[in-house]
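To start, the structure itself, in structure tokens.
The values are calculated or read from the model by the stated rules, or taken from the named source; none is laboratory data. This structure is a prediction, so every number in the text was calculated from the model and none was measured. Glycine gets a Cβ as well: all are built from the backbone with ideal geometry, and neighbour counts include every protein chain shown. Accessible surface areas use protein heavy atoms only, side chains included; no ligands, DNA or RNA. Shrake-Rupley method; radii C 1.70, N 1.55, O 1.52, S 1.80 Å.
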Amino acid sequence: MNTVQLSLTDTLLLMLGAVLTENFIFSKFYGCCPFLGVSDKPDKAVGMGMAVTFVMTVSGAVTWAAYYFVLVPLGLEYLRTVAFILIIASLVQIIEMFLRKFVPALYSALGIYLPLITTNCAVLGAALVNIQEGYGFIPSVCYGFAAGLGFTLAIVIFAGVRAKMEFADPPRAFRGFPLTLIAAGLLAMIFSGFSGISF
Amino acid sequence: MDYIEILKTAGVFAGLGIAAGLLLVIASKLFAVKRDERIDRIAEALPGANCGGCGRSGCAALAADIASGKAPVTACTVGGAATAQKIAGIMGVRAEAPMRMRAQVMCSGTEEYAKKKYAYSGARDCIAAVRMGGGDKLCPNGCIGLGTCVATCRFGAISVINRVAVVDYKKCEGCGACTKACPKQIIKLIPYDSAHWVGCMSVEKGAVVRKQCDVGCISCKKCEKNCPSGAIRVVNFVASIDYTKCTGCGICVDNCPRRIIWSATRQNGELVITRLAPENEEN
């Protein structure tokens, strides 16, 4: 197994980077669809962020195992994108059923968001980055979790901004999506301020 | 070209797909949750507008509550009698037909009649305006007219005309979502065929109302004294009509010196809403 060996400090820095400097939405532009679609109310954004974090963490673990124990021995590394879509999609379905049966409270909180992220590019992106960078198992899971946290941070902040904008009285041409996109752009610029920091 | 390689790849992915499929089947059997199948049937019978008028997040939530007995079968006011009948059939109970209602904004204080205490230019939202000393109109119970109810209405039935919200009775389904959204609580549900209503909710004394608005109830009690059926009463300095007693004779309309009792009559099956023109203070 040719994975990069990361110390505890390296793993923690990796996680901090995934939340701030390498934020999935603002620097990689993954997961823009839920970022714009589910950010109209802060409570919705929290639910979506929690669901993404949850799925990213679990799928980070499962896709890592699938890659190194199934695809690598068979010499099919180049088909990982296709395989991961299949694995993540069925994984989310199983998680949904499991939650409905055993953790109804969590299901009612995350339930409607889980199907939305079955084939979300942020989730797939986190899994692929793990393989691309050659992270080991623990860093892969940590990276997935931190990327999810970064996503949650971004979407919750943005939902707060949008909640304020709802009562604004902008010129007609800016109403709705144009203003939302401008706000998203400003927020991305603010986050780019983190990129100067090197850990 | 190595055909074996292609076959191997196809085989592996077919296997992966079948394995995932089998896992899902096993999981769905293993984690199956017993669900009241009436919930789905009730949800189908509901209008599906997700208006929130019943106080729940949407039609699915109401369906679950009706099935578990937490809500009556008539809980959906939008669906009216037809929906209540269908749901009663599913639940195996008898439904008493709910009366069709419509929302009415109980304020007549348009721009030209209601006096203002300051010029408001803040956020276009009634709740925001209320925090600024109760809004710009002097009357503490007047319509702010910034359209919080408009944004709440799922049927597009409300519009703000001349700084007073107006409900289009043709589009209104009587869900009551606006009555809860209004920070002044001046939107009321009245029977759909109500002949009259008092277009004011000011609870100030007459002398104060005179200073605040040209079309406010001054609690003169002329309507109360002249009503032959005792349906209209002035309580807390404002007149209101008891619809269980009102016969729709219209005597109160002619007696009101402020001309704020509105009338609705059926003409060719459609409601026509009218009001006598307000008189000037001097007359």
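Specify whether the C-alpha gyration tensor of the stretch B:37-91 places it in the rounded, prolate or oblate class, a ≥ b ≥ c being the square roots of the eigenvalues: rounded for a/c under 1.5, otherwise prolate if a/b is larger than b/c and oblate if not. Note, shape of the stretch B:37-91 comes out rounded.
Return the average number of partner chain Cβ atoms within 10 angstrom of each residue Cβ along peptide A:164-175.
Numbers: counts 1, 0, 4, 9, 3, 6, 1, 0, 0, 0, 0, 0.
Across the residues of A:164-175, the mean count of other-chain Cβ atoms within 10 Å is 2.
Using the Stokes-Einstein relation with a Kirkwood hydrodynamic radius computed over Cα pairs, the translational diffusion coefficient of chain A at 4 °C and a viscosity of 1.567 mPa s comes to 73 µm²/s. Taking chain A as a Gaussian network of alpha-carbon nodes connected by springs under 10 Å, the highest mean-square fluctuation of the residues A:G160, A:G49, A:G17 belongs to A:G160.
Counting 0.36 nm for each residue step from B:A82 to B:F13 and taking away their Cα separation leaves a gain of 19.6 nm. The three principal axes of the Cα atoms in the stretch B:14-133 give end-to-end lengths of 75, 45, 22 Å, sorted in falling order. Springs between Cα atoms under 10 Å define the GNM used for chain B, and in it the highest mean-square fluctuation of B:S219, B:S202, B:S121 occurs at B:S121. Mean separation of Cα pairs under 8 Å and 6 or more residues apart, divided by the residue count, gives the stretch A:88-168 a relative contact order of 23 percent.
Pairs A:K44/B:K170; B:K184/B:K211; A:K164/B:K117; A:K41/B:K188; A:K44/B:K117; A:K44/B:K116: which exceed 30 Å Cα-Cα? Could you put the intermediate results ahead of the total?
On the way: A:K44/B:K170 33 Å; B:K184/B:K211 20 Å; A:K164/B:K117 26 Å; A:K41/B:K188 28 Å; A:K44/B:K117 39 Å; A:K44/B:K116 38 Å.
Those over the limit are A:K44/B:K170; A:K44/B:K117; A:K44/B:K116.
Inter-chain neighbour count for A:87-94: the average number of beta-carbon atoms from partner chains within 10 Å of each residue's beta-carbon is 4.
How large, in percent, is the carbon and sulfur part of the accessible surface of the stretch A:15-191 at a probe radius of 1.4 Å?
Of the solvent-accessible surface of the stretch A:15-191, carbon and sulfur hold 72 percent.
Tell me the mean residue ellipticity at 222 nm calculated for chain B from its helices only (DSSP H runs of n ≥ 4, each -39500 (n - 2.57), averaged over every residue, nearest 500). Spell out each step's value before the answer.
Numbers: 10 runs with 91 residues, N = 283.
So the helix-based figure for chain B works out to -9000 deg cm²/dmol.
Of all lysines in the structure, the ones whose alpha carbon falls short of 16 Å from that of B:K221, not counting any fewer than 8 places away in one chain, are B:K205.
Protection proxy ranking of A:185-193, B:184-192, by the mean of other Cβ atoms within 10 Å over each peptide's residues and highest first, is B:184-192, A:185-193.
Work out the mean other chain Cβ neighbour count within 10 Å for the residues of B:82-95 and drop it here as an integer. Walk me through the numbers before you get to the answer.
Numbers: counts 0, 0, 0, 0, 0, 0, 0, 0, 0, 0, 0, 0, 0, 0.
Mean inter-chain Cβ contacts per residue within 10 Å come to 0.
For chain B, the fraction of alpha-carbon pairs lying more than 35 Å apart is 37 percent, rounded to a whole number. From the Cα gyration tensor of the stretch A:30-128, with a ≥ b ≥ c the square roots of its eigenvalues, which class applies: rounded if a/c is under 1.5, or else prolate if a/b is larger than b/c, or else oblate? Since a/c reaches 1.5 but b/c is at least a/b, the shape of the stretch A:30-128 is classed as oblate. Here's how it looks for B:I158: its modeled amide H is under 5 Å from those of B:D168, which are all 5 or more places away or on a different chain.
A dipole drawn for the protein assembly as shown from +1 and -1 charges on Cβ atoms has a positive end, and of B:A45, A:S59, B:A129 the residue lying farthest that way is B:A129.
For chain A, what does -39500 (n - 2.57) per DSSP helix run (n ≥ 4), summed and divided by total residues, give at 222 nm, in deg cm²/dmol to the nearest 500? Don't jump to the answer; show the numbers that get you there.
Numbers: 8 runs with 130 residues, N = 199.
Theoretical 222 nm ellipticity from helices: -21500 deg cm²/dmol.
Among B:P140, B:P183, B:P228, which one moves the most in a GNM of chain B with springs linking Cα atoms closer than 10 Å? Highest fluctuation of the listed residues: B:P228.
With all protein chains present, how much of the accessible area of chain B (probe radius 1.4 Å) comes from carbon and sulfur, to the nearest whole percent? Whole-percent figure for carbon plus sulfur exposure: 56.
What is the percent of Cα-Cα separations in the protein assembly as shown that go past 31 Å? Don't skip to the answer; put the middle values down first.
Numbers: 70095 of 115921 pairs.
Of all Cα-Cα pairs in the protein assembly as shown, 60 percent lie more than 31 Å apart.
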